[in-house]
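Novice: Just dropping this structure here.
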Amino acid sequence: MAETRTIEIEVFRYNPQTDREPRYQTYPVPFTDDMSVLQGLQYIKDQLDGSLTFRWSCRMAICGSCGKMVNGVPSLSCKTFLRDHYPKVRIEPLAHFPVERDLAIDQTDFLRKLESVKPYLVPREAKPVAAGEHLQTPAQMQAYYKYSQCINCLLCYAACPQYGLNPSFTGPAALALLHRYNADSRDAGRDERMKLVNAEEGVWGCTLVGYCSEVCPKDVDPAHAINQNKVNSTLDYFLRFVMPRGGG
């Protein structure tokens with residue numbers, strides 16, 4: 001039988017509609033070594049305080065809903081274990097985002113930026129379904145596959161000091177997904193996306209800290225995607241002098 005211990009979970013509490021300022025509330029939670037931080041929060045909500053608000057869905061590090069600051073580190077709470085933070089752990093909402101309530105953040109800014117990068121394939125030419133698939137070689141798929149693994153968990157935004165200082169910066173996940181589609185051989189939207197890459201809020205806003213890639217739970221490596229697009233942006237700048245836009 002698994003040994004049960006008790007951990008203190010200190011939780012950020014804040015309701016902007018009723019509270020003048022945030023506070024922290026500590027709960028004693030019994031746990032076993034196989035329990036995640038998310039399960040600890042669920043225990044608090046189910047057994048101790050039903051008013052606690054937080055997001056979660058799949059519990060399998062797939063949906064990206066349960067991101068939190070765990071002892072100051074952006075983490076998926078379903079993938080982070082209580083045993084690694086015994087005897088006390090502090091849980092806060094992801095940094096750099098407005099708080100909706102308690103641990104739930106307002107994602108509006110990220111969703112706007114995600115939409116701005118056109119995160120979908122722009123077909124090179126109209127092709128009826130009857131004509132078959134848009135085929136790729138394994139090498140062509142490998143060029144973008146890593147960046148397609150992003151689950152929009154926003155840990156990289158909480159880790160990004162530049163986004164914290166300058167909210168207009170498009171940010172790691174959105175720029176990584178931009179690179180994913182620009183690198184796809186089936187896509188023809190590069191010229192439109194490069195306008196954002198080259199803009200003031202694009203890749204040149206990144207200061208190369210690299211913490212975004214360190215905290216990414218899917219090894220997407222947004223810092224590398226951004227660096228790749230700094231190269232692309234530089235080429236785009238110089239090529240415009242020798243090759244008209246849309247030229248061969």
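The values are calculated or read from the model by the stated rules, or taken from the named source; none is laboratory data. In this text the structure is predicted, and so the values were computed from the model without any measurement. Positions of Cβ are backbone-derived with ideal geometry, glycine not excepted, and every protein chain shown enters the neighbour counts. Keep in mind that these areas ignore ligands, DNA and RNA; they rest on the heavy atoms of the full protein, side chains included. Shrake-Rupley method; radii C 1.70, N 1.55, O 1.52, S 1.80 Å.
Novice: Excluding same-chain residues fewer than 8 positions from Lys146, which lysines have a Cα within less than 24 Å of its Cα?
Specialist: Excluding near neighbours in sequence, the set is Lys68, Lys79, Lys113, Lys118, Lys195, Lys218, Lys230.
Novice: Let me know the charge dipole size of the stretch 147-248 about its Cα centre in debye, to the nearest 20, where only the beta-carbon of Lys, Arg (+1) and Asp, Glu (-1) is charged.
Specialist: Numbers: 9 positive and 10 negative charges, 46 e Å.
Its charge dipole is roughly 220 debye.
Novice: Still on this structure: Using amide H atoms built 1.01 Å from N in the peptide plane, name the residues 5+ places from Ile7, or on other chains, whose amide H lies under 5 Å from its own.
Specialist: Here Val29, Phe31 satisfy the definition.
Novice: Another question, if that's okay. Under 5 Å between amide H atoms, partner at least 5 residues away or on a different chain: which partners does Ala188 have, H built in plane at 1.01 Å?
Specialist: Val122, Arg124
Novice: Ok, one more. Compute, for Ser168, the solvent-accessible surface of its heavy atoms (probe 1.4 Å) with the complete set of protein chains present, and express it in square angstrom to the nearest 10.
Specialist: 70 Å²
Novice: Not counting ligands, DNA or RNA, and with a 1.4 Å probe, what is Ile226's accessible surface area in Å² rounded to the nearest 10?
Specialist: Approximately 0 Å² of Ile226 is accessible to the 1.4 Å probe.
Novice: Write out the cysteines belonging to the chain for which the nearest other cysteine Cβ is not under 4.7 Å, or none if no such cysteine exists.
Specialist: Cys66, Cys78, Cys150, Cys153, Cys160, Cys206, Cys216
Novice: Also, I was wondering about something else. Just to confirm, what accessible area per residue do you get for the stretch 1-79 at 1.4 Å probe, in whole Å²?
Specialist: Per residue, the stretch 1-79 has an accessible area of 55 Å².
Novice: Take the alpha-carbon centre of the stretch 194-210, take the same for the stretch 14-38, and report the distance between them in whole Å.
Specialist: 36 Å
Novice: Also, I was wondering about something else. For every helix of n ≥ 4 consecutive DSSP H residues, a contribution of -39,500 (n - 2.57) applies; sum these over the chain, divide by its total residues, and give [θ] at 222 nm rounded to the nearest 500 deg cm²/dmol.
Specialist: Values: 9 runs with 80 residues, N = 248.
Only helices count here, giving -9000 deg cm²/dmol.
Novice: Can you tell me how the stretch 114-248 classifies by the Cα gyration tensor, rounded, prolate or oblate, using a/c under 1.5 as the rounded cut?
Specialist: oblate
Novice: Identify all aspartates and glutamates with a Cα-Cα distance to Lys127 below 19 Å; exclude those on the same chain that are fewer than 8 residues away in sequence.
Specialist: Asp184, Asp187
Novice: Then there's this: Within the stretch 113-177, report the chymotrypsin sites (Phe, Trp or Tyr not before Pro) that DSSP leaves as loop and that have at most 11 other Cβ atoms within 10 Å.
Specialist: Loop-located and lightly packed - Tyr120.
Novice: Scan around Glu100 for amide H atoms under 5 Å from its own, H built in the peptide plane at 1.01 Å from N, and keep only partners 5 or more places away or cross-chain.
Specialist: HN-HN under 5 Å from Glu100: Ile105, Asp106.
Novice: Quick check for you: with a 1.4 Å probe and neighbouring chains kept, what is the accessible area per residue of the stretch 123-228, in Å²?
Specialist: Value for the stretch 123-228: 50 Å² per residue.
Novice: Follow-up question, since we're still on this one. Looking only at Thr170, Thr207, Thr137, which one moves most when the chain is put into a Gaussian network model with springs between Cα atoms under 10 Å?
Specialist: Highest fluctuation among the options: Thr137.
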